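One structure below.
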Amino acid sequence: MENVKPPLIVIAGPTASGKSAIAMEICRRVGGEIVSADSMQLYRGMDIGTAKPTPAERAEVPHHMLDVLAPTEKATASEYGIAAKQCVREILSRGKTPVLCGGTGLYIDAVTRPMRFSAPGDEALRAELHAITDGPDGRRVLHDLLAREDPEAANKLHENDVRRVVRTIESVRLTGMTQAELIAADEARTGEFREIVFAPEWPREELYRRIEARVDEMLRRGLVREVQALLDTGVTADMTSMQAIGYKEIAAALRGLSTLEDAVSRIKQGTRNYAKRQGAWLRRDGRVRWISAPGRGSGDIAREIIAVCQREGILF
């Protein structure tokens, strides 16, 4: 009999959509463990602004891929994927149900798809392409070159975006495939797990209200103190961890570059924009099953997800 891939439940969704509460409810009901797919929950000392699960929640349901990096370190999707997949394997080996939960789409793909990750390119080729821009009307000439090699990508890139134009031409030359072909090849690949992907769905304005309330709650719980503590330990504004929404804005205010009021406004706007990008990413993923969330508690949604998983043989 053909080997059946081990199961993996994935709870994705935009920030503030309630996915963490849903994942907790699923684990309570089926004996599961959660693997975080949040690129900023990897960092120690970044608890409030990343909405990291509380100590009580972590005591009740085991969580993985939290607090694995110092805030001075740099996270990569490829390294995350290696470590997170090992967590999933270990959960399965204990007879438990793994639940991958988070809003970083690239990290979800790192676990569920054997994705390509950027490797060092051809530096000589890259220099040669950049040199084209030094000539007469160089940016247009470079863009025309891209249009000959990958017309679809050229339609999406402005000639002034020299870096991306160069990297796209470089990619075509090195792989022999256009960007669309590379994306299609990635999406056609399957990983080592039999994943089933869900995401709670909210009307935009209602999700935005949840985001605003969430930011206010983070401030009430001490987000400003948390950012100050990171800065006091030597974390600097240029580090990857400090690029997280909420941290970079508060850090700027603490350095006198803006008022706290302006920082809060920019956090809310930045979070709304991020949620919109998360939703767009997920809607391009044909695996995602959207679950209507308004008017429903996390327990009700969890029961629906469990029922679907049981029907499809993910849970027994």
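Every read-out reported here was derived from the displayed coordinates using simple, explicitly stated rules and does not represent laboratory data. In this text the structure is predicted, and so the values were computed from the model without any measurement. Note that we place each Cβ from the backbone using ideal geometry, even for glycine, and neighbour counts take in every protein chain shown.
Give the span of the chain's Cα atoms along each principal axis, as three whole-Å numbers ordered largest to smallest.
Principal axes ranked by extent give 65, 64, 36 Å for the Cα atoms.
Output the Cα-based Rg and Dmax of region 123-186 in Å, rounding Rg to one decimal and Dmax to a whole number.
11.2, 38
Along each principal axis of its Cα atoms, how long is region 89-247 end to end? Whole angstroms, biggest number first, please.
57, 42, 36 Å, listed from the longest principal axis down.
Is the C-alpha gyration tensor of region 1-159 telling us rounded, prolate or oblate? Criteria: a/c under 1.5 is rounded; beyond that, a/b larger than b/c is prolate, otherwise oblate. The partial results should precede the final answer.
Values: a/c = 2.76, a/b = 2.17, b/c = 1.27.
It comes out prolate by the Cα gyration axes.
Multiply the residue separation of M177 and R28 by 0.36 nm, subtract the distance between their alpha-carbon atoms, and state the gained length in nm to one decimal. Walk me through the numbers on the way to the answer.
On the way: separation 149, 0.36 × 149 = 53.64 nm, distance 4.56 nm.
Additional length available on full extension: 49.1 nm.
Please identify, among L69, L92, L257, the residue showing maximal mean-square fluctuation in a Gaussian network model of the chain using a 10 angstrom Cα cutoff.
L257
What is the dipole size for the chain, taken about its Cα centre, with +1 at each Lys and Arg Cβ and -1 at each Asp and Glu Cβ, in debye to the nearest 20?
Working: 46 positive and 45 negative charges, 171 e Å.
So the dipole magnitude of the chain works out to roughly 820 debye.
Taking neighbour Cβ counts within 10 Å as the exposure measure, how do H130, H143, H63 sort from fewest upward?
Details: H130 15, H143 20, H63 24.
Ordered from fewest to most neighbouring Cβ atoms within 10 Å, H130, H143, H63 come out as H130, H143, H63.
Ranked from highest to lowest mean number of other Cβ atoms within 10 Å per residue, what is the order of the peptides 192-198, 243-249? The partial results should precede the final answer.
Values: 192-198: 19.6, 243-249: 21.4.
The packing order, highest mean first, is 243-249, 192-198.
Kirkwood-based Rg over Rh for region 1-57 (C-alpha set), two decimals? Don't skip to the answer; put the middle values down first.
On the way: Rg = 13.9 Å, Rh = 13.2 Å.
Looking at region 1-57, the ratio lands at 1.05.
Would you please give the FRET efficiency between E152 and A131, computed as 1/(1 + (r/R0)^6) with r the Cβ-Cβ distance and R0 = 25 Å, to the nearest 0.05?
Working: r = 25 Å, r/R0 = 1.01.
With a Förster radius of 25 Å, E is 0.50.
Taking other Cβ within 10 Å of each residue's Cβ, how do S20, S171 sort, fewest first? Working shown, then result.
Numbers: S20 24, S171 19.
Starting with the residue having the fewest Cβ neighbours, the order is S171, S20.
Please list log₁₀ I(q)/I(0) at q = 0.09, 0.16 Å⁻¹ for region 186-316, using the Debye equation with identical point scatterers on the alpha-carbon positions.
The Debye formula, applied to the Cα set alone, gives -0.41, -0.95.
According to a simple spin-label model (label point 7 Å from Cα along Cα-to-Cβ), what is the distance in nm between E261 and A229?
Simple spin-label model gives 2.9 nm for this pair.
Could you order peptides 30-41, 264-275 by the average number of other Cβ atoms within 10 Å of their residues, highest first? Present the calculation step by step, with values, prior to reporting the outcome.
Working: 30-41: 23.1, 264-275: 17.8.
By packing density, highest mean first, the sequence is 30-41, 264-275.
What is the extension gain from R296 to E57, computed as 0.36 nm multiplied by their sequence separation minus the C-alpha to C-alpha distance, in nm to one decimal? Present the calculation step by step, with values, prior to reporting the outcome.
Values: separation 239, 0.36 × 239 = 86.04 nm, distance 2.10 nm.
Value of the extension gain: 83.9 nm.
Tell me, what HN-Hα J-couplings in whole Hz come from the Karplus equation 6.51 cos²θ - 1.76 cosθ + 1.60 at θ = phi - 60° for each residue of region 253-269, using x for Gly and Pro?
Running phi through 6.51 cos²θ - 1.76 cosθ + 1.60 with θ = phi - 60° gives 5, 5, 8, x, 8, 7, 7, 5, 4, 5, 4, 5, 4, 6, 5, 5, 5 Hz.
Over region 123-186, calculate the relative contact order: mean separation of alpha carbon pairs under 8 Å at least 6 apart, over the residue count, as a percent.
On the way: 57 pairs, mean separation 18.4, N = 64.
Taking the mean separation of contacting Cα pairs over the length of region 123-186, I get 29 percent.
Direction-averaged shadow area of the convex hull around the Cα atoms of region 245-295, nm²?
Details: hull surface 19.3 nm².
Directional mean of the projected Cα hull area for region 245-295 stands at 4.8 nm².
How long, wide and thick is region 221-269, going by the Cα atoms along their three principal axes, in whole angstroms, largest first?
In descending order, the Cα extents are 26, 21, 19 Å.
Please compute the Kirkwood hydrodynamic radius over region 265-316, one decimal place, Å, based on all pairs of different Cα atoms.
Working: mean 1/r = 0.0748 Å⁻¹.
For region 265-316, the Kirkwood estimate is 13.4 Å.
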